[in-house]
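Structure first, then comments.
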2 protein chains.
Amino acid sequence: MKKEITIYDIAADVGLSPTTVSRALSNHPRVKEVTRNKILHAAKNMGYQSNIFASSLRKRRSKSIGVIVPRLNSAFQSSVLAGMEKIATQAGYNLIISQSMESLEKEISNTKIMFNSRVDGLLVSKAGTTDNIEHFQPFFQKDIPVLFFDRVPENNHCTGVVINNTQAIYDATAHLIKEGCKRIVHVLGNLQINVYADRLKGYKYALMDHGFVFNADNVFTNELDEDSGERIVEKILKLNPRPDGLLVSNDTSAASCLIALKKRGIKVPEDLAIVGFNNDLISRMVEPNISTINYPSYHMGEVAMKNLINHLDDENQEILQKTNTITLRSALIIRDSSKRRH
Amino acid sequence: MKKEITIYDIAADVGLSPTTVSRALSNHPRVKEVTRNKILHAAKNMGYQSNIFASSLRKRRSKSIGVIVPRLNSAFQSSVLAGMEKIATQAGYNLIISQSMESLEKEISNTKIMFNSRVDGLLVSKAGTTDNIEHFQPFFQKDIPVLFFDRVPENNHCTGVVINNTQAIYDATAHLIKEGCKRIVHVLGNLQINVYADRLKGYKYALMDHGFVFNADNVFTNELDEDSGERIVEKILKLNPRPDGLLVSNDTSAASCLIALKKRGIKVPEDLAIVGFNNDLISRMVEPNISTINYPSYHMGEVAMKNLINHLDDENQEILQKTNTITLRSALIIRDSSKRRH
């Protein structure tokens, strides 16, 4: 790497004092417009790097926010990140991003790197196997704010940005019941994750409120991936009486189920009505279109980042500490995959 | 923020010299195992932050890599980023990520932030409106490596990681001709982007090699988004004779076209055969499944990051300077949307 250009080099080049150069570079009002322009021009030509890095060190601010997601390679997370990036850039913050690959060990290692990189704040959607938040203690000790989104730990003193997962699945279950479904299967991810535990509650409450008995055989915990449809449909076909409703916790898996059902000549929604989750592109592209829960992922990214930055800029730093949960609006979108009444 | 813990605080706590503490924290072999453990334990309890930040400043290494993509909210880019993150984390680098939103102005502003954040290297997939690379000059001047991926500028001295877009579309066009297509429409993005300019070449070459005459009416430059299908199909229906082959530069738009065609009772592949691009999930989920080009996006992320880090770790720094282009293998995947012969 070449020699670092300093304000002394620029001063020598333009024939002015280092003090004037320093003032011009920091937009000091005492420097005349014409002088400032001359200095900025020289600084640019010489390849001067304004020393955010060193000045951040003095102010104990790195002007960067760490983000840890379970997987970068996800339609949901990439939409959240796009919303976060927009707000962060507007506020002059960098985004340092890593993925936990759904592993607690990797998440612990990610948090260490973020801590030592001196992020000003941390946004986390936790890994499936994360059952405690002890690895965030170094952040808590130093009053570096940690804000969770989507997947939040239970019983903690951090703020979480979420949707009402219980209500969302309650509404979807009630909708299927209204469409005449008598036996509804619910497919979920790892129940250690609040998101799925809350959805299971919504499913149970809706059954109860409509006079149905909860049956654990109707709950499948699965990987919800692109190939899950075959496995899920095989399990459904073994149940007697055969289920007539299917509530799947993401649209990729719901679409995969739809394809596996059609392959077997089982009609959707006539034989089996389907509701997915997220409102991903895929739900609008398969036939029939899949009813789903609209999850405002981009908006979640914006809100989480905005709250974190407001907290950093707030002298009192009280608002975030007193906020436990920020809940965003989600909504059931009814499409052809679950319309059984004509 | 609370008071910063220094090695002097730890030394006072454990009753050892600051030198010993410093050595223990940097894994110096002269410190006994039991002493080291005692010091590490105290450092952890006291909330000591190992000073990567300051030590990076001394070494002129921030241990971070900047990545600028057109949009974070894209199946292709999120897969590339996942590959990059994996390699970067393994090598102890942070990823600083931003999106240009397809705007040259935003890309210029992103590069300035990256430069002042002192990234050790930069990975860029350029915005649609970027027609020069002057804004990377500060990096070139300081010998900070810049590596482009997917969307690379023409005539530059930077390395690019790409697929052979010309060959990919050549193969797809030849396939459609072999399936009996006589008039093939090609839908592309902004032709200022190398990716699309190269694909157009492949389309022209394949037509020529098979005795067809190129007709500019058959080339649509479009936005390739989720809603593009209706617009594209409307244009196709105005052509006379009606096209019988359709080559679309991404799978989202190809799927959108498929749906718009089916809505009008136009049979795929009998009336119109379709080939998409990327091998996104959507291509495997719609009916019929869409033939496509397998784009190794995750692998592209891994390769780009690996090459950049190897360059940073290489004393001679010659390999990357002498490499112009790294081309990854792509391949045509034939599915039902283009199988017209029985």
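The values are calculated or read from the model by the stated rules, or taken from the named source; none is laboratory data. The structure presented is a predicted model; accordingly, all values stated were derived computationally and were not measured. As a convention, Cβ positions derive from the backbone with ideal geometry for all residues, glycine included, and neighbour counts pool all protein chains shown.
Here are the numbers for the structure shown:
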item	result
Residue within region A:151-171 that is of a type outside the set (G, A, S), closer than 30 Å to A:K339 by Cβ and assigned to a strand (DSSP E or B) present	yes
Index of the failed condition, A:P243 passing every other in (1) modelled with pLDDT of 95 or more; (2) out of contact with any His (no Cβ under 7 Å at 6 or more places or on another chain); (3) closer than 25 Å to A:D150 by Cα	(3)
Subset tally (residues that are modelled with pLDDT of 95 or more and part of a loop (DSSP other than H, G, I, E, B)) for region B:179-207	5
Some residue of region A:43-66 being more than 8 Å from chain B (Cβ to nearest Cβ), assigned to a strand (DSSP E or B) and either farther than 26 Å from A:D314 by Cα or modelled with pLDDT of 85 or more (or both)	yes
Filter result for A:G202 (over 20 Å from A:S103 (Cβ atoms), small (G, A, S), crowded, with 21+ Cβ neighbours inside 10 Å and touching a residue at least 60 places away in the same chain (Cβ under 8 Å))	no
Inter-residue pairs, beta-carbon under 7 Å, first part of a helix (DSSP H, G or I) and in region A:134-145, second among the aromatic types (F, W, Y), 6+ apart	A:P138/A:F115; A:F139/A:F115
Residue check, B:A254 crowded, with 21+ Cβ neighbours inside 10 Å and closer than 23 Å to A:L258 by Cα	yes
Residue ID - surrounded by the most Cβ atoms within 10 Å (Cβ to Cβ), chosen from residues in region B:102-153 that are more than 14 Å from chain A (Cβ to nearest Cβ) and among the β-branched types (V, I, T)	B:V124
Positions within region B:249-273 being more than 14 Å from chain A (Cβ to nearest Cβ), in contact with a strand residue (DSSP E or B) (Cβ under 9 Å, 6 or more places away or on another chain) and within 16 Å of B:K339 (Cα to Cα), in sequence order	B:P269, B:L272, B:A273
Residues satisfying the stated conditions in region B:178-197, i.e. crowded, with 18+ Cβ neighbours inside 10 Å and either of a type in the set (A, V, I, L, M, F, W, C) or within 28 Å of the chain's Cα centre (by Cα) (or both)	B:C181, B:I184, B:V185, B:H186, B:V187, B:L188, B:G189, B:I193, B:N194, B:V195, B:Y196
